[in-house]
1. Test Trp137 against the stated conditions and say whether it is in contact with a His (Cβ under 7 Å, 6 or more places away or on another chain) and surrounded by 14 or more Cβ atoms within 10 Å (Cβ to Cβ).
2. Give segment 313-335 a look and list any residue that's buried (at least 19 other Cβ atoms within 10 Å of the Cβ) and of a type outside the set (A, V, I, L, M, F, W, C), or say none.
3. Can you give me the number of residues within segment 294-323 that are over 14 Å from Gly347 (Cβ atoms) and under 25 Å from the mean Cα position of the chain (by Cα)?
4. Which numbered condition trips up Val50, out of (1) crowded, with 16+ Cβ neighbours inside 10 Å; (2) farther than 17 Å from Gly135 by Cβ; (3) touching a residue at least 24 places away in the same chain (Cβ under 8 Å)?
5. Could you list all residues from segment 195-209 that are touching a residue at least 40 places away in the same chain (Cβ under 8 Å), of a type in the set (A, V, I, L, M, F, W, C) and assigned to a strand (DSSP E or B)?
6. Taking the condition of being modelled with pLDDT of 95 or more, closer than 27 Å to Gln89 by Cβ and among the charged types (D, E, K, R), how many residues in segment 19-62 meet it?
7. Restricting the search to segment 227-246, which residues are within 21 Å of Leu57 (Cβ to Cβ) and either of a type in the set (Asp, Glu) or touching a residue at least 60 places away in the same chain (Cβ under 8 Å) (or both)?
8. Asp236 passes all but one of (1) farther than 19 Å from Thr291 by Cβ; (2) in a loop (DSSP other than H, G, I, E, B); (3) not polar (S, T, N, Q); which number fails?
Amino acid sequence: MRKLKYICNCCCGKDIYPLLPQKEIEAVYAIRYHTFKIVPANGNVIPGKVLSNIKDLLLYHIKKCKLEIPDYGIEISLEDIFTVGLTLQGYSKSINDDSFPHADQVILALQKFGIDEKMFVDGVMKLQHILSITGCWETRIGGCIYWLNHEVKLAEGGRSVNNILKIHTQKSESTRIKMNGTVRPVVRLGSGMSNNGVKWTTLQPSLLNIKNGSKELPLNVYVQSHTLLRMNERIDCIDTSLMHMDVILSFEDARVFYDNNKNILIEYRILGCKAGYFRVDIVDGIAVVRTFLFVTQSGTPEGQLLWKNTGLQKLDTKYLALDKLSSFMSSDIGNNERVRKILQDSGCQCLLDLYSIINDVCTKYPSQSTSNLMLDYLGINEASIKETITAE
């Protein structure tokens, strides 16, 4: 009721709350929209940990997300829009001019609040976005896919309305394919979309420069278990939820490259910043993600530049642990001019950017100075650097 009074006073042009008789306030309360209730959908078994995570994430973001009410210069939370806001909308349609004294003034004032439907459309879109991201956050490649539906339903035995968020789940599809004479298990890449179920990831043949007959039939994407093992080794300092979610987002906006052998590489980005590539093969009309390469590895464009500029080869990179993201989660990388220049000249500015983007949420850091280890290994000393700078 406190929120109801606040919104009425701020958005209805005048202080109309005192115009509402006690019986009308009770009537508003009786038809109120309840706050969000999060439950498993019928027939869906949701592990307790996943259910708890989803509840915590959703309730936090629904309360935190704010929308501006046009013309009034105030913001209210997404939760308040779907509770107090919709309650006011419903109440305004239930009264007429002679319902109570000054009812005409209340109706006119509430109409001012309800004229602009854009706020509610924006609210629905933001809610759907939050639901989709939350489902994607709990989804595991090769495990379970989650998505949520929003339902509005009359409360049992009353006139109030429930906002219900139902959690759905589905096991990832899997199959076996023959690659280089060996049959290998693969899982289909996909994610849950709010109110729409599973969206399976696809790649357009034209994006890969593949001719696929007269019609461009999209290629379904499958992931080999080897890919996930390599990712766990190389993207070793962020939460699995973030890592897997960014796999899906990277394929939804696929950026295609090729290595020296014309193999297909799909860029992998963490929060929009490049961190490596997926090696993709086309097998029997599907796109198979064969392995994952960290951005410094020899099979990437940046890895080739790094080798050209420093002479570091595959075993050198592995010895120095330069094939792991955690090695670059140290301030000494960005603060060391020599190492920073080596990375920038090799196209690895993204590693410097990643430090500033994800350093605060990292789960693992290097145990020693990566810069000093790398420079000592390369035999770079102060004198040679000074000669290089002077020559430049």
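1. On the way: in contact with a His (Cβ under 7 Å, 6 or more places away or on another chain): no; surrounded by 14 or more Cβ atoms within 10 Å (Cβ to Cβ): yes.
So Trp137 does not fit the description; no.
2. Residues satisfying the conditions are Thr317, Asp323, Lys324, Ser326, Ser327, Ser330.
3. 1
4. (2)
5. Once the filter is applied, which keeps residues that are touching a residue at least 40 places away in the same chain (Cβ under 8 Å), of a type in the set (A, V, I, L, M, F, W, C) and assigned to a strand (DSSP E or B), segment 195-209 yields Val198, Leu203.
6. Looking only at that region, the number is 2.
7. Keep residues of segment 227-246 that are within 21 Å of Leu57 (Cβ to Cβ), which gives 238-246.
Correct list: Ile238, Asp239, Thr240, Ser241, Leu242, His244, Met245, Asp246.
8. Result: Asp236 fails condition (1) only.
The values are calculated or read from the model by the stated rules, or taken from the named source; none is laboratory data. Computed from a predicted structure; not experimentally measured. As a convention, Cβ positions derive from the backbone with ideal geometry for all residues, glycine included, and neighbour counts pool all protein chains shown.
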